[in-house]
Amino acid sequence: MRVPSSVLCYFLPLLLACCAAKKSYVVYMGAHSHDPTQLSPLHFNRVSHSHHQFLQSFLESYDAAKESIFYSYTRHINGFAAILEEEVAAEIAKHPKVISVFENRERKLHTTRSWEFMGLEQNGEVTWNSIWKKARYGEGVIIGNLDTGVWPESESFNEKGFGPIPSKWRGICDHGSDPTFHCNRKLIGARYFSKGFLSLAGKVNGSTEEDFESPRDIEGHGSHTLSTAAGNMVAGVSVFGHGYGTAKGGSPKARVATYKVCFAGGGCSDADMMAAFDMAIHDGVDVLSVSIGGPPSAYFNDSISIGSFHAAMNGIVVVCSAGNSGPFDASVVNLAPWHITVAASTMDRAFASYVVLGNNITIKGESLSASKMAHKFYPIIKAVDAKLASAKVINAVLCLNGTLDPKKVKGKIVLCLRGSSSRAEKGEEALLAGAVGMVLANDKIDGNEILADPHLLPASHVNFTDGLTIFDYINSTKFPMAYITYPKTLLHTKPAPFMASFSSKGPNILVPEILKPDITAPGVSVIAAYTEAQGPTNEKFDKRRIPYNSLSGTSMSCPHISGIVGLLKTMYPSWSPAAIKSAIMTTATTLDNEAEPLLNAANRKATPFSYGAGHVDPNSAMDPGLVYDTTIDDYLNFLCGLGYHEKQLSMFTEGHHYKCATNFSILNLNYPSITVPEFPGSLTLTRTLKNVGAPATYIAQVQNPRGITVSVKPNILEFKEVGEEKMFEVTLKGRQGEARNNHFKFGRLIWSDGNHFVKSPIVVKSN
């Protein structure tokens, strides 16, 4: 007879109380061999009976075993949960049919783990000092997203709990050719812009009218980024059971609008993005999130630069991704000083999938595979040894399409090298060739960066060093064997964050005096809403459909900052985009969760060219003390300093005549960082700080770049009221006797009143 849950809720605490020496345990016995979709309740009862019989062998009777077990896992997981004495649990753990026995401890729900990692909550509860509390979760703010559109049916965009649409909103919901597309009180606007792209490419093979003629997200990217910035709190989210918890955006109570400018068949057109910026400014957004980029070009030749400048003139903060062309130097894009450029780093969560080798070496990788490998060893083969006779070695080692020989691969685990094709495509090639699993190994460039992907077969992605270990093992024995464990979610991993290998780096090749990126935020294995028009790998062979997916990229870190900007906009609606940017940059941290300097994927110390001012600290950003505010006139003087003439600037500023300041140095742009790409040996520049907190006296502290002495005058600033501004000079001098070279050197300027620490990176290159 099935015991009602209400009865269990009543008697289980009593049972535990009366048997103080007993605790609840989970006995895990692996997987069932049956297909639960093909079985009847009678079979599941038999499984429960087998569990009772198993436990009976450790207790005095069948009835005692039946009374002890309160869960019997009968579908996919094989095992049970029971009230046991510690000694009995220890004995069960020794049984050869048992994989593990562990105490049934209380867990908290986790998914968009990044927000807890950044201190906005702890164990699922909002912390006392969380910016979420003081910013009312972004209530009243409107966040727009230039991307691939949105999947409006996602629970992340449900209107439940939202009141009337803000009266300031002027946007529309243009469903185009898709009558099923709808907006609501959460998703208050939708537009699509495809004419520019179609003029360049026409209809790309495989594209549909639904993609080009509606704001519906066919690709998944736009739904993911928009929900990361401002998606609702949605419980019960996971990717194939991994990372189970509550998904949420940075400003979960903000309203959102989508501006579709990118399409599943290709890229994003400058013409379309310009149109989108134009309409978004008109519609009344407060924040624009733009996870798009391209090769750097002059500011007037860049739709994002132009659009974001006009947005800034209207008080709208634009947040952009830094690009995914790392770890190469000078690869960062979106270089204008009037928007925020975001790099990507890890968080303290891993989806661990272990590769167990036949020589008893266990290697930790990551995966989100839904497939489980039978618990036994399989032959493992290098892809180059499994190639078709017609395939080139250089292609086979990468497991490119059509390179693996099924006769050599069938029933084996294939070891593939990362690169050239997508990680999911490599898994497809292995699966089509008959592999039972895949190990994906990094090359030297990708180093320690490993990404969790929803592969179709059991798979594990391992770092460069561990990949070499596996290669060496295979080469050392005639019959190499291995096994890949099912992924397991790990929290509080260390060190974290570290910089993602793919994250583009400085220096800024357009204007080296402006440090880019500005900031880093979580961008690796981020779980957020997704399209249900494609599978989680976005490959044609993937017929699975899931409402939430894990993605990595600076596209994922960008909306984290967008969500934080939304919170700051709620708290300080009168702050300029530059003041908000300054608050985020000057309160950032350059330390990981072991209180050590941030590292890159090669385990070397990262620099501001990787992380800008550092890793974002949202709770500190809401109380920065001081900000480096920058006006539109400051940006115009900056453009004058670059050689743009007044007629151009008058056109850039909606026809208003502008007169350039005399002899303006771009080094004096009031930016929250200091970069001197050509240091002559001695140099003085200026900055201005604005008080946004209580009256206080700030003292300057300097961490000198190697071989350079930095002095600040005055080095004490006293602020008596909010809005008061103080200018200071920064003088850099090369030390006598120090060898001068062509390398960049890094330091930091910190203004502190004892409670606030206003930090600015200093980057200097000696000639």
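The values are calculated or read from the model by the stated rules, or taken from the named source; none is laboratory data. Everything quoted here is computed from the prediction, not taken from an experiment. All Cβ positions, even for glycine, are placed from backbone atoms using ideal geometry, and neighbour counts span all protein chains on display. All accessible areas refer to the heavy atoms of the entire protein, side chains included, with ligands and DNA or RNA removed. Shrake-Rupley method; radii C 1.70, N 1.55, O 1.52, S 1.80 Å.
Structure notes:
- Leading residue by the ranking (surrounded by the fewest Cβ atoms within 10 Å (Cβ to Cβ)) among those in the stretch 315-330 that are part of a loop (DSSP other than H, G, I, E, B) and under 19 Å from the mean Cα position of the chain (by Cα): S325
- Number of residues in the stretch 99-129 that are part of a loop (DSSP other than H, G, I, E, B) and either at pLDDT 85 or above or closer than 23 Å to I584 by Cα (or both) equals 8.
- Candidate set: the stretch 359-370, residues that are open to solvent by 40 Å² or more (accessible area, probe 1.4 Å) and touching a Pro at 6+ places or on another chain (Cβ under 9 Å); chosen: the one farthest from P96 (Cα to Cα): A370
- A count restricted to the stretch 258-285 and to residues that are over 22 Å from the mean Cα position of the chain (by Cα) and either surrounded by fewer than 20 Cβ atoms within 10 Å (Cβ to Cβ) or not aromatic (F, W, Y) (or both) stands at 18.
- Residue in the stretch 154-172 that is farthest from the chain's Cα centre (by Cα), counting only those that are surrounded by 15 or more Cβ atoms within 10 Å (Cβ to Cβ) and under 25 Å from N549 (Cβ atoms): F162
- Given (1) out of contact with any strand residue (DSSP E or B) (no Cβ under 6 Å at 6 or more places or on another chain); (2) β-branched (V, I, T); (3) assigned to a strand (DSSP E or B), number of the condition T258 does not satisfy: (1)
- Some residue of the stretch 603-615 being under 25 Å from F719 (Cβ atoms), modelled with pLDDT of 95 or more and touching a helix residue (DSSP H, G or I) at 6+ places or on another chain (Cβ under 9 Å): yes
- Candidate set: the stretch 372-396, residues that are part of a loop (DSSP other than H, G, I, E, B) and open to solvent by less than 40 Å² (accessible area, probe 1.4 Å); chosen: the one farthest from A452 (Cα to Cα): A391
Yes or no, residue by residue, for (1) closer than 16 Å to V763 by Cβ; (2) open to solvent by 10 Å² or more (accessible area, probe 1.4 Å); (3) not in a loop (DSSP other than H, G, I, E, B):
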{"position": "L490", "(1), (2), (3)": "no, yes, yes"}
{"position": "P495", "(1), (2), (3)": "no, yes, no"}
{"position": "K505", "(1), (2), (3)": "yes, yes, no"}
{"position": "I509", "(1), (2), (3)": "yes, yes, no"}
{"position": "E532", "(1), (2), (3)": "no, yes, no"}
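- Restricting the stretch 408-422 to residues that are at negative phi and modelled with pLDDT under 90, the residue that is surrounded by the fewest Cβ atoms within 10 Å (Cβ to Cβ): S422
- L510 among the hydrophobic types (A, V, I, L, M, F, W, C), in contact (Cβ under 8 Å) with a residue 60 or more places away in the chain and touching a Leu at 6+ places or on another chain (Cβ under 8 Å): yes
Yes/no per residue for (1) farther than 25 Å from K581 by Cβ; (2) in contact with a His (Cβ under 6 Å, 6 or more places away or on another chain); (3) modelled with pLDDT under 95:
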| site | (1), (2), (3) |
| --- | --- |
| T489 | yes, yes, yes |
| P495 | yes, no, yes |
| L515 | no, no, no |
| N538 | yes, no, yes |
| K543 | yes, no, yes |
| S550 | yes, no, yes |
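- Selection of the stretch 644-670 for residues being among the polar types (S, T, N, Q), over 37 Å from the mean Cα position of the chain (by Cα), modelled with pLDDT of 70 or more and open to solvent by less than 60 Å² (accessible area, probe 1.4 Å) yields an empty set.
- Residue within the stretch 719-729 that is without any contact (Cβ under 8 Å) to a residue 24 or more places away in the chain and either surrounded by fewer than 18 Cβ atoms within 10 Å (Cβ to Cβ) or of a type outside the set (S, T, N, Q) (or both) present: no
- Flag: A694 does not match the condition of being under 15 Å from G747 (Cβ atoms) and either under 35 Å from the mean Cα position of the chain (by Cα) or open to solvent by 50 Å² or more (accessible area, probe 1.4 Å) (or both).
- Index of the failed condition, H182 passing every other in (1) at pLDDT 90 or above; (2) of a type outside the set (D, E, K, R); (3) open to solvent by less than 40 Å² (accessible area, probe 1.4 Å); (4) over 27 Å from G523 (Cα atoms): (3)
Condition check ((1) over 16 Å from E85 (Cα atoms); (2) surrounded by 13 or more Cβ atoms within 10 Å (Cβ to Cβ); (3) at pLDDT below 70) across all residues:
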residue	(1), (2), (3)
L8	yes, yes, yes
A20	no, no, yes
S48	yes, yes, no
L55	no, yes, no
D63	yes, no, no
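- Filter pass, H310 being over 23 Å from the mean Cα position of the chain (by Cα), more than 19 Å from C640 (Cα to Cα) and of a type outside the set (S, T, Y): no
- For the stretch 594-620, a tally of residues being buried (at least 24 other Cβ atoms within 10 Å of the Cβ) and aliphatic (A, V, I, L, M) returns 4.
- Pick from the stretch 298-310, criterion small (G, A, S) and modelled with pLDDT of 85 or more, ranking: nearest to H339 (Cα to Cα): S308
- Of T520, T465, T469, all but one fail to be among the polar types (S, T, N, Q) and not in a helix (DSSP H, G or I); the exception is T520.
- Looking only at the stretch 740-760, residues that are over 22 Å from A588 (Cβ atoms) and either open to solvent by 80 Å² or more (accessible area, probe 1.4 Å) or within 36 Å of the chain's Cα centre (by Cα) (or both) come to 3 in all.
- Unique residue being open to solvent by less than 20 Å² (accessible area, probe 1.4 Å), at pLDDT below 95 and over 13 Å from C268 (Cβ atoms) when the list is S214, S207: S214
- Subset of the stretch 630-640 [closer than 16 Å to G723 by Cα and surrounded by 22 or more Cβ atoms within 10 Å (Cβ to Cβ)]: T630
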